[in-house]
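So the structure is just underneath, and the comments pick up after that.
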Amino acid sequence: DAPLWIAAAPAPTATVWLMFSRTATAPAVVFDGEFFNGPGRCGNTEVTVIGARNKAPIGVELAHRMAAAVLETVGEHPGRPIVLLVDTSGQRLSRRDELLGVNGYMAHLAKCLELARRSGHRTLGRTLGLVYGEAVSGGFL
């Protein structure tokens, strides 16, 4: 039952290490490009870990994948805490994303997180979100 360590470097001189152990019923967090998602365990509590890494700009695809992961957790794991980790350089500022309505995708993600909160998905009494990196545009999540 080896632990999963996620390293986040918010500044050249600082590194944040977060440790999640694998669950007995599911594989560890899966990394797919800039997106990652999967089950973990903090102490005796199973959690869902959802996030972005490598200073990923938040565009329509990433916002959509994160929203889908939140909704999957709400549907398949009622009440399971969600740990949201976002290492972002900010919103993707491309013509394509603007034309596709990146603001709507970000709003959809925020609504999915609110649904999770109202459905009892919490960590230590609150939904836990950690924004690290250079930008805080995902901080509202």
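Restricting to the range 29-40, name every residue that is farther than 13 Å from residue 86 by Cα and buried (at least 18 other Cβ atoms within 10 Å of the Cβ).
From the range 29-40, those farther than 13 Å from residue 86 by Cα are 29-33, 38-40; that's our starting set.
Passing the criteria: 29, 38, 39, 40.
Limited to the range 90-113, what total is found for residues that are open to solvent by 70 Å² or more (accessible area, probe 1.4 Å) and assigned to a helix (DSSP H, G or I)?
9
For residue 79, only one of the following conditions fails: (1) open to solvent by 40 Å² or more (accessible area, probe 1.4 Å); (2) part of a loop (DSSP other than H, G, I, E, B); (3) modelled with pLDDT of 85 or more. What is its number?
(1)
Quick one: in the range 32-51, of everything that is among the small types (Gly, Ala, Ser) and outside any strand (DSSP E or B), which residue is nearest to the chain's Cα centre (by Cα)?
Checked the range 32-51; the qualifying residue nearest to the chain's Cα centre (by Cα) is 33.
Out of (1) touching a strand residue (DSSP E or B) at 6+ places or on another chain (Cβ under 6 Å); (2) assigned to a helix (DSSP H, G or I); (3) open to solvent by less than 70 Å² (accessible area, probe 1.4 Å); (4) modelled with pLDDT of 85 or more, the odd one out for residue 139 is which?
Every listed condition holds for residue 139 apart from (4).
The values are calculated or read from the model by the stated rules, or taken from the named source; none is laboratory data. These numbers come from a predicted model, not from an experiment. Here the Cβ is made from the backbone with ideal geometry for all residues, glycine too, and neighbour counts use every protein chain on show. All accessible areas refer to the heavy atoms of the entire protein, side chains included, with ligands and DNA or RNA removed. Shrake-Rupley method; radii C 1.70, N 1.55, O 1.52, S 1.80 Å.
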